[in-house]
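Asker: Let me give you the structure first, and then I'll get to my questions.
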């Protein structure tokens, strides 16, 4: 038994590539999962598709507000453009809950991906400012959505940096990362350090484009 047993994981933005892949992996790991979307019908359709993949079952689809209300722990995986508005709209239903932010503020131009400046310092810091009665943790920024969604892959070889100011919440999210075979959750520091972790995603995208790969990260000597 660990502190995730019996807890439902909600994925806001669960119809997008990252959210959909994470939802699938946690369902395979035996966790109850709810996909949230602005469009409840789209969430239900995505849940039905994922339940048809190998070893997945029990995934539900709901509108964002219903997903946030029904979940015990909520992962935010929405596009950066809708980050603030989505989180602000869900504030009442996220009170008292751990909120995991995996959003990467990025732009793209002819030279490739680049990190965007965020007034609060990072997407995770913005979430914390908008959710004063929730516990915000930053994690899952660097896991390939392609690998997550590939039902033929049993293990994903990568570490997940987990950042936050509440140690028990950080440990819960590390445990959530560890539930996916091959992935290891690693404490990455306080939430104030989330900016450089989010920004590193632009480098990984550049690497993956150059080498036609789905690279992640590994932390050595621990």
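Asker: Within segment 116-134, count every residue that is touching a strand residue (DSSP E or B) at 6+ places or on another chain (Cβ under 7 Å), within 11 Å of residue 80 (Cα to Cα) and surrounded by fewer than 23 Cβ atoms within 10 Å (Cβ to Cβ).
Answerer: 1
Asker: Just to confirm my filter: which strands (runs of 3 or more DSSP E) fall fully inside segment 57-103 and include at least 2 residues that are in contact with a helix residue (DSSP H, G or I) (Cβ under 6 Å, 6 or more places away or on another chain)?
Answerer: 60-63, 98-101
Asker: Kindly list the number of the only condition in (1) closer than 14 Å to residue 68 by Cα; (2) touching a residue at least 40 places away in the same chain (Cβ under 8 Å) that fails for residue 40.
Answerer: (2)
Asker: Any chance segment 140-160 includes a residue that's more than 22 Å from residue 208 (Cα to Cα) and in contact with a helix residue (DSSP H, G or I) (Cβ under 6 Å, 6 or more places away or on another chain)?
Answerer: Looking through segment 140-160, none of the residues is more than 22 Å from residue 208 (Cα to Cα) and in contact with a helix residue (DSSP H, G or I) (Cβ under 6 Å, 6 or more places away or on another chain).
Asker: Can you tell me how many residues within segment 186-212 are out of contact with any helix residue (DSSP H, G or I) (no Cβ under 8 Å at 6 or more places or on another chain) and assigned to a helix (DSSP H, G or I)?
Answerer: So the count comes out to 16.
Asker: Turning to a different aspect of this structure: Just give me the residues in segment 144-160 being surrounded by fewer than 24 Cβ atoms within 10 Å (Cβ to Cβ) and touching a strand residue (DSSP E or B) at 6+ places or on another chain (Cβ under 9 Å), in sequence order.
Answerer: 144, 147, 155, 156, 157, 158, 159
Asker: Sticking with this one: Can you name every residue in segment 11-46 that is buried (at least 24 other Cβ atoms within 10 Å of the Cβ) and out of contact with any helix residue (DSSP H, G or I) (no Cβ under 8 Å at 6 or more places or on another chain)?
Answerer: Once the filter is applied, which keeps residues that are buried (at least 24 other Cβ atoms within 10 Å of the Cβ) and out of contact with any helix residue (DSSP H, G or I) (no Cβ under 8 Å at 6 or more places or on another chain), segment 11-46 yields only 19.
Asker: Shifting gears a bit: Among the residues of segment 168-185, is any surrounded by 19 or more Cβ atoms within 10 Å (Cβ to Cβ), assigned to a strand (DSSP E or B) and modelled with pLDDT of 95 or more?
Answerer: Yes, there is a match, as at least one residue in segment 168-185 is surrounded by 19 or more Cβ atoms within 10 Å (Cβ to Cβ), assigned to a strand (DSSP E or B) and modelled with pLDDT of 95 or more.
Asker: Got a sec? Which of 192, 209, 218 is surrounded by fewer than 16 Cβ atoms within 10 Å (Cβ to Cβ), in contact (Cβ under 8 Å) with a residue 40 or more places away in the chain and within 17 Å of residue 101 (Cβ to Cβ)?
Answerer: 192
Residue-wise test of (1) more than 17 Å from residue 169 (Cβ to Cβ); (2) over 13 Å from the mean Cα position of the chain (by Cα).
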| residue | (1), (2) |
| --- | --- |
| 58 | yes, yes |
| 64 | yes, yes |
| 67 | yes, yes |
| 74 | no, no |
| 78 | yes, no |
| 82 | yes, yes |
| 85 | yes, yes |
| 95 | no, yes |
| 98 | no, no |
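Asker: If you scan segment 120-150, which residues turn out to be outside any loop (DSSP other than H, G, I, E, B), within 11 Å of residue 98 (Cα to Cα) and more than 11 Å from the chain's Cα centre (by Cα)?
Answerer: 128, 135, 136 - these are the residues of segment 120-150 that are outside any loop (DSSP other than H, G, I, E, B), within 11 Å of residue 98 (Cα to Cα) and more than 11 Å from the chain's Cα centre (by Cα).
Asker: Of the numbered conditions (1) in contact (Cβ under 8 Å) with a residue 60 or more places away in the chain; (2) surrounded by fewer than 24 Cβ atoms within 10 Å (Cβ to Cβ); (3) under 30 Å from residue 207 (Cα atoms), residue 107 fails exactly one; give the number of that condition.
Answerer: (1)
The values are calculated or read from the model by the stated rules, or taken from the named source; none is laboratory data. Keep in mind the model is a prediction, meaning the values are calculated, not measured. No Cβ is skipped: glycine too gets one built from the backbone with ideal geometry, and neighbour counts run over all protein chains shown.
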